[in-house]
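Visitor: A single structure is presented below for examination.
Each value in this text was obtained by applying a stated rule to the coordinates, not by laboratory testing. Not measured: the values here are computed from a predicted model. Neighbour counts run over all protein chains shown; Cβ positions are idealised from the backbone, glycine included.
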Amino acid sequence: MNLAGDDRDSQPQGTEAPHSQAGRKERSSGRWRSRLHWETPSWAWPCWTQAPTQVSGHPLLLSLTGNEELWAQPALEMPKRRDILAIVLIVLPWTLLVTVWHQSTIAPLLTAHKDEGSDPRRAAPPGVDPREYCMSDRDIVEVVRTEYVYTRPPPWSDTLPTIHVVTPTYSRPVQKAELTRLANTLLHVPNLHWLVVEDAPRRTQLTARLLRDTGLNYTHLHVETPRNYKLRGDARDPRIPRGTMQRNLALRWLRETFPRNSSQPGVVYFADDDNTYSLELFEEMRSTRRVSVWPVAFVGGLRYEAPRVNGAGKVVGWKTVFDPHRPFAIDMAGFAVNLRLILQRSQAYFKLRGVKGGYQESSLLRELVTLNDLEPKAANCTKILVWHTRTEKPVLVNEGKKGFTDPTVEI
């Protein structure tokens, strides 16, 4: 080491010793080797151990090469510090973001309310199954699961007239679906009594369970249509008085339940189970004094049929194509009758014999009122509030094939 210092001092100013030039080259190569020493992985060390053999016999160069390792360390550490700082600045915001999201979203769902020395399960409210009751850690979320949820009808009012809805029905694949849809509508109507009459020798369990589960005020009746009046061929044949005996049974039940001089306010409406009804329709008919009428859509091969009303608000005819000269050319869903009128005219029924197709409505109404007595509703019979819809018959051609039949499943 001293020899290297003496050689450097002995050279004249402004000149370089031959060893100095070689030393600069070696310093450059030494710097390369130093960086290789710091940045090369452990498997490269055998290559580095051979480097000093290139300058053997030159103590000065060996000394300079060793010093290069010392001053190269800070230079190598600075890029590493910058890389570490960049990584921290990138990772830290994402870490904070994930932590906040986890605490606000996941943690409340996973945490459980636990206190030392106490039962972590909360007591369920009265009437609620404890197994179905769940409360969060801080009593923020309260979940009660029930098997079925039904919307009950509105509270009964002593000031509103009762609407008695008469619905004849018969067994078929879509019967439960039709009754369920109609029940969901009737559940929104206050002061409603549903008279369901089955075309069957006895009341079926399917209909009985459905009516019981709805929570509606209902009466369940049954009467079987005689064989000679049952459907033959095309079910849409208007000459078949489908539902006539069931409607007549409902009229008889009303007359046997309420006295003839009863002051009970009410309205009777014949609602088939496959039609679609606006809630506004029931509020329109509630004020019926004798017989109220309105248009019905999708009947008679037309978009709608309707009573013809003059400027004075009186019904003077019928907007229909099928036999417009009928006494009351109206669909069964297009009128409602005051209950007192039904009770007072005990002879009024739907005729079974001697009545042409499409005259069933007229056979009843002509026993109750005249054309001049009709009360047009639905904005003077200009609004459609009921639709004579039909549910498509389901195609069950694969039923019973390859073991897919299970008659115990109620549809």
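Visitor: Calculate the FRET efficiency for I411 and L352 from the Cβ-Cβ distance with a Förster distance of 56 Å, rounded to the nearest 0.05.
Guide: After rounding to 0.05, the efficiency reads 0.95.
Visitor: Which parts of the range 148-187 would a label at L221 reach, counting a residue when its backbone N lies under 13 Å from a point 7 Å out along Cα-to-Cβ?
Guide: Within reach of a label on L221, which here means backbone N under 13 Å from a point 7 Å along Cα→Cβ, the range 148-187 contributes 164-169.
Visitor: Still on this model: Among M285, M332, which comes first, second and so on when ranked by fewest other beta-carbon atoms within 10 Å?
Guide: Placing the least packed residue first, the sequence is M332, M285.
Visitor: Counting pairs of alpha carbon atoms under 8 Å apart in space and at least six apart in sequence, what relative contact order in percent does the range 162-387 give?
Guide: Dividing the mean separation by the residue count of the range 162-387 yields 23 percent.
Visitor: Still on this model: Quote the FRET efficiency, to the nearest 0.05, computed for K393 versus A200 with a Förster distance R0 of 22 Å and r equal to the Cβ-Cβ distance.
Guide: 0.65
Visitor: Hey, another quick one. Lysine pairs in the range 162-387 with alpha-carbon atoms under 26 Å apart, 8 or more places apart or on different chains: how many are there?
Guide: Lysine pairs satisfying the spacing and distance rule in the range 162-387 number 9.
Visitor: Treat the count of other C-beta atoms within 10 Å as a stand-in for reagent exposure and order H188, H325 from fewest to most.
Guide: By the 10 Å Cβ count, ascending, the order reads H325, H188.
Visitor: Another one. What's the extension gain from R345 to S287 if we count 0.36 nm per residue and subtract their Cα-Cα distance?
Guide: 18.9 nm
Visitor: How big is the antiparallel share of DSSP beta bridges in the range 162-387, given as a percent to the nearest 5?
Guide: 40
Visitor: Give a residue-ordered list of calculated ³J(HN,Hα) values for the range 347-363 (Karplus: 6.51 cos²θ - 1.76 cosθ + 1.60, θ = phi - 60°; whole Hz; x for Gly, Pro).
Guide: My calculation for the range 347-363 gives 7, 7, 9, 7, 7, 9, 10, x, 10, 6, x, x, 9, 4, 5, 5, 5 Hz in order.
Visitor: Note the full-extension length gain between R326 and R303 as 0.36 nm times their separation in residues minus their Cα-Cα distance, in nm to one decimal.
Guide: Taking 0.36 nm per residue and subtracting the Cα distance, the gain is 6.3 nm.
Visitor: Once you have a ≥ b ≥ c as the square roots of the Cα gyration tensor eigenvalues for the range 218-363, tell me rounded if a/c is under 1.5, and otherwise prolate or oblate according to whether a/b is larger than b/c.
Guide: oblate
Visitor: If you average the sequence gap of Cα pairs under 8 Å that are 6 or more apart and divide by the length of the range 317-387, what percent do you get for the contact order?
Guide: Relative CO of the range 317-387 lands at 32 percent.
Visitor: Show the residues, 5+ positions off or on another chain, whose built amide H is closer than 5 Å to the amide H of H222.
Guide: Here E198 satisfy the definition.
Visitor: If you don't mind, another one. For the residue pair R82 and R212, what label-to-label distance in nm results when each label sits 7 Å from Cα along the Cα-to-beta-carbon direction?
Guide: Label-label distance for R82 and R212, simple model: 8.4 nm.
Visitor: Okay, next question. Taking neighbour Cβ counts within 10 Å as the exposure measure, how do D199, D323, D272 sort from fewest upward?
Guide: D323, D199, D272
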